1. Does segment A:222-230 include one or more residues that are assigned to a loop (DSSP other than H, G, I, E, B) and among the small types (Gly, Ala, Ser)?
2. Check B:Ala146, B:Ala159, B:Ala171, B:Ala176 and return the single one that is modelled with pLDDT under 90, within 14 Å of B:Arg87 (Cα to Cα) and not polar (S, T, N, Q).
3. When both residues are 6+ apart or on different chains and their Cβ atoms are under 7 Å apart, which pairs have a first residue that lies in segment A:149-178 and is assigned by TED's automatic domain parsing to the domain that holds A:Met215, and a second that is basic (Lys, Arg) and buried (at least 17 other Cβ atoms within 10 Å of the Cβ)?
4. Checking the condition surrounded by fewer than 16 Cβ atoms within 10 Å (Cβ to Cβ) and of a type in the set (Val, Ile, Thr), which residue from A:Ile171, A:Ile186 passes?
5. Taking A:Leu62 as meeting all but one of (1) buried (at least 16 other Cβ atoms within 10 Å of the Cβ); (2) under 27 Å from A:Gln228 (Cβ atoms); (3) within 26 Å of the chain's Cα centre (by Cα), write down the number of the exception.
6. As an exercise: evaluate A:Glu125 against (1) modelled with pLDDT of 85 or more; (2) among the charged types (D, E, K, R); (3) out of contact with any Leu (no Cβ under 6 Å at 6 or more places or on another chain) and give the number of the one condition it does not meet.
7. Out of segment A:501-518, which residues are under 28 Å from A:Thr540 (Cα atoms) and either within 14 Å of chain B (Cβ to nearest Cβ) or outside any helix (DSSP H, G or I) (or both)?
8. Taking the residues in segment A:182-211 that are hydrophobic (A, V, I, L, M, F, W, C) and under 22 Å from A:Ile243 (Cα atoms) as candidates, determine which candidate is farthest from the chain's Cα centre (by Cα).
Amino acid sequence: MNKLIPSLGLHKRFILTILLIAVFVWSLTSIQWNSELYHAGGIPTMLQIFEGLIQPNLDSELLLVGLESAWITLAYAVAGMSLAIVYAFIVGVLASGTLTSSKFSRIISKVFFRGILGFTRSIHELIWAWLFVAAVGLSPYAAILALAIPYGGILGRIFADMLNDVPGQPILALKSAGSSRLQTLIYGYLPLIWSDFISYTMYRFECAIRSSAIMSFVGLGGLGFQIQLALADLKYDSVWTFIFFLIALVIFVDGWSNFVRKGLTEHKRRKGMNSGWLSVLFALLLIAASWFYITLSEKANLGELLSEKNLEYASKFFGGLLGINQENPAFLNGESWALALKLTMETLEMSVMAIGFATIVAFITVIPAARNIANGSLTLQKNWYNRILYGVIRLFYIFSRSVPELVWAMMIIFIFKPGILPGALALALHNFGILGKLWAEVVEDMDPRPIRNLATAGASKIEILFYGILPIVLPRFLTYILYRWEVIMRTTIVVGFVGAGGLGMEFKLAMSYFDYTQITLLLLCYMILVIIADFASETTRKAVK
Amino acid sequence: MSSKTMIEAKNISKHFERKIALSSLSFSISQGELVAIIGPSGAGKTTLLNSIAGLVSLEDGDLLIDSKPLKEYKRGKRFARKIGVIRQQFDLIGPLAVIHNVLAGKLSEWSLFKSLFSLLVPQDKETALTALERVGLENKPYEITATLSGGEQQRVAMARLMVQNPEIILADEPVASLDPARADDVLSMLTAIVIEKNQTLLASLHSVEYAKRYFTRIIALKNGKLFFDLPTEDVTHEILNELYQLKEQGSDE
């Protein structure tokens with residue numbers, strides 16, 4: 001009896017791998033692989049884009065524009081995140097059920113507030129932006145709220161999870177000492193989780209920078225707007241200049257968050273809080289400066305947002321979405337459903353193809369990208385080229401993840417004809433860097449002793465890879481693939497906006513024809529996809545465990 | 001006992017930053033000997049084993065393995081036929097099936113293709129099963145290694161060593177995390193296998209008890225220096241007390 005179960009477990013993993021590869025191959029068959037895929041002038045355009053990369057436009061006037069747009073992008077991200085944190089904190093605490101007394105009210109509040117968090121995060125920030133712009137017009141608040149709502153949803157969910165995972169004994173001790181619920185929250189729960197929460201918030205802040213940049217695609221200013229303009233003028237050298245600004249911004253936030261995380265782990269040992277307070281001060285300054293800039297320079301006014309005219313627009317818009325006063329709403333029409341479901345399928349194929357491409361590239365590059373392999377401490381083999389390879393691959397990773405998938409899509413659409421392939425490629429280009437970075441960290445964190453022992457037993461480098469490293473890291477690699485797939489699923493709709501096929505392309509068409517009920521139908525399909533993706537990924541992850 | 005010298009150390013030294021790990025050690029070990037290295041924590045036992053395994057480079061002195069300088073052995077295939085290492089049970093790849101962990105001892109002989117194919121269809125299965133039978137695990141070849149107990153995992157590591165079949169076995173605290181019954185079990189099995197195959201065993205141990213019970217010769221280290229090097233029967237109570245004395249005597253540094 002004992003003998004059968006573990007070997008079955010081994011085979012389950014093997015079968016699952018085969019299954020996932022089969023799904024990827026199936027997604028590839030949905031494309032007709034021939035020269036019709038790319039534009040006649042696609043390859044020369046690609047060369048021109050590449051030329052712009054090597055020689056970006058460094059004109060001082062353009063640099064000034066870049067600097068200003070980078071600030072706008074940063075300010076929107078900071079303002080959006082500050083609202084998101086407030087929202088996440090309030091709804092997160094309520095969703096964790098730590099403040100409720102009876103079991104019944106706890107379940108009710110959990111289901112209700114977790115539902116709110118789930119709904120707000122399942123819709124991509126760009127869709128929120130589109131809805132806000134359609135409802136209240138072009139205002140910085142449209143961008144800020146569009147960032148704050150989905151990011152608040154993500155942060156709030158993580159916050160609630162952390163609160164629920166707090167070890168029980170300290171909380172019980174506080175309660176038996178007679179502290180009230182609110183006191184228990186402040187003295188017990190919050191100190192136990194705040195450092196993890198800050199680390200996660202910093203990571204999300206980096207994502208918010210990218211999201212803020214693409215807010216431009218609904219007509220709001222910032223780096224994305226400039227990239228869009230330059231692309232429209234076919235000035236590829238300027239495109240790259242702005243992209244480099246974006247990369248610099250991402251690297252800056254990444255560096256800051258590393259600094260904060262280091263401070264958090266360190267002053268557990270030493271008492272000084274200098275670096276921590278410095279970051280807090282800097283964050284407060286940044287928040288103040290961002291709001292100051294948005295309210296004064298951009299003359300955004302929250303009161304104006306709620307003016308009678310806007311409220312009228314908004315009610316008309318949302319009424320339109322619900323099909324009020326419409327003769328034949330699309331979401332009650334069988335033909336529209338058939339078309340939408342076909343697009344849903346296409347979108348699904350696009351997401352699978354994207355994660356497949358990203359996985360292949362990350363898989364090829366991850367081993368030299370791990371620090372403990374580059375310096376030979378894991379495999380006991382040292383080569384002069386290891387460090388160079390490490391540096392080059394890590395540079396590619398940063399480059400890949402700093403550029404939002406939407407920007408990749410806008411460039412790729414110059415080379416490939418509209419369809420799901422360019423969408424999948426854009427998503428893969430953005431995600432392989434993230435996947436590679438996460439995987440490399442898994443390899444860096446693994447226990448080196450079994451691997452070194454293999455090396456002393458005379459295994460070659462590739463043998464070490466297959467006998468030692470892969471069996472240990474594969475389950476975690478798979479978890480990350482599935483997590484990224486969930487994210488890709490949410491983003492498929494966005495790359496569709498610029499003509500990369502799937503639901504997003506149709507969504508944009510419906511938007512420009514003011515076909516509101518069609519929008520509702522597409523959003524429904526999109527949410528079904530997101531829910532399916534979350535469910536499939538969670539089931540698979542449990543199967544691996 | 002054959003008189004062929006397997007390991008010869010001549011004045012070997014090693015520093016870690018400012019700390020002396022090994023200071024001018026000399027000894028020689030013949031084929032078939034069972035040697036235990038004992039000494040207080042931080043005496044240099046692990047550093048000595050790691051330098052013989054080629055994992056730590058020496059600053060000074062010569063180390064001859066089978067009459068050839070260690071530096072002349074290239075890492076990898078041929079060296080693996082000479083020297084095999086066993087540690088606490090952290091040597092094994094947890095998520096792999098037992099049989100693959102045992103067959104990893106063959107990687108130095110196998111071609112790349114054969115070793116990859118073996119992950120699907122185990123190659124040289126008979127060799128692995130014989131080794132597993134010898135250590136009493138013949139009924140568990142397809143279990144996931146991580147699910148085995150500590151003593152069982154250590155026996156898997158021994159089966160791997162049998163498959164690798166090196167001339168010299170270095171054991172670094174092989175029973176450190178096992179209870180006394182398991183420890184006895186592992187050590188008696190290990191020494192029996194070594195004697196059977198006329199291999200040479202050099203093991204570092206925390207426990208003097210085990211050193212006396214299973215080994216023919218004991219080398220004691222203190223502060224990186226040779227404290228004594230005696231046949232087991234000549235090791236007395238007094239000399240051991242002196243070895244483990246807490247107070248630092250004289251100005252050694």
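The values are calculated or read from the model by the stated rules, or taken from the named source; none is laboratory data. These figures come from a predicted structure and were not determined experimentally. Cβ: placed from backbone, ideal geometry, glycine included. Neighbour counts: every protein chain shown.
1. Of all residues in segment A:222-230, those assigned to a loop (DSSP other than H, G, I, E, B) come to A:222.
Narrowing the set further to residues that are among the small types (Gly, Ala, Ser) leaves A:222.
Within segment A:222-230, one or more residues are assigned to a loop (DSSP other than H, G, I, E, B) and among the small types (Gly, Ala, Ser).
2. Criteria check complete, one pass: B:Ala176.
3. A:Pro150/A:Arg121; A:Tyr151/A:Arg204; A:Gly153/A:Arg121; A:Ile154/A:Arg121; A:Ile154/A:Arg204; A:Leu155/A:Arg204; A:Arg157/A:Arg121; A:Ala160/A:Arg114
4. Values: A:Ile171 fails: surrounded by fewer than 16 Cβ atoms within 10 Å (Cβ to Cβ).
Just one listed residue meets the conditions, A:Ile186.
5. Of the numbered conditions (1) buried (at least 16 other Cβ atoms within 10 Å of the Cβ); (2) under 27 Å from A:Gln228 (Cβ atoms); (3) within 26 Å of the chain's Cα centre (by Cα), the odd one out for A:Leu62 is (3).
6. Condition (3) is where A:Glu125 drops out.
7. Applying the first criterion (under 28 Å from A:Thr540 (Cα atoms)) to segment A:501-518 yields A:501-504.
Matches in segment A:501-518: A:Gly501 only.
8. So the first thing to find is which residues in segment A:182-211 are hydrophobic (A, V, I, L, M, F, W, C), and the list is A:182, A:185-186, A:190, A:192-194, A:197-198, A:202, A:205, A:207-209.
Those left that are additionally under 22 Å from A:Ile243 (Cα atoms): A:202, A:205, A:207-209.
Working: A:Met202: 13, A:Phe205: 11, A:Cys207: 6, A:Ala208: 9, A:Ile209: 11 Å.
Here the residue is A:Met202.
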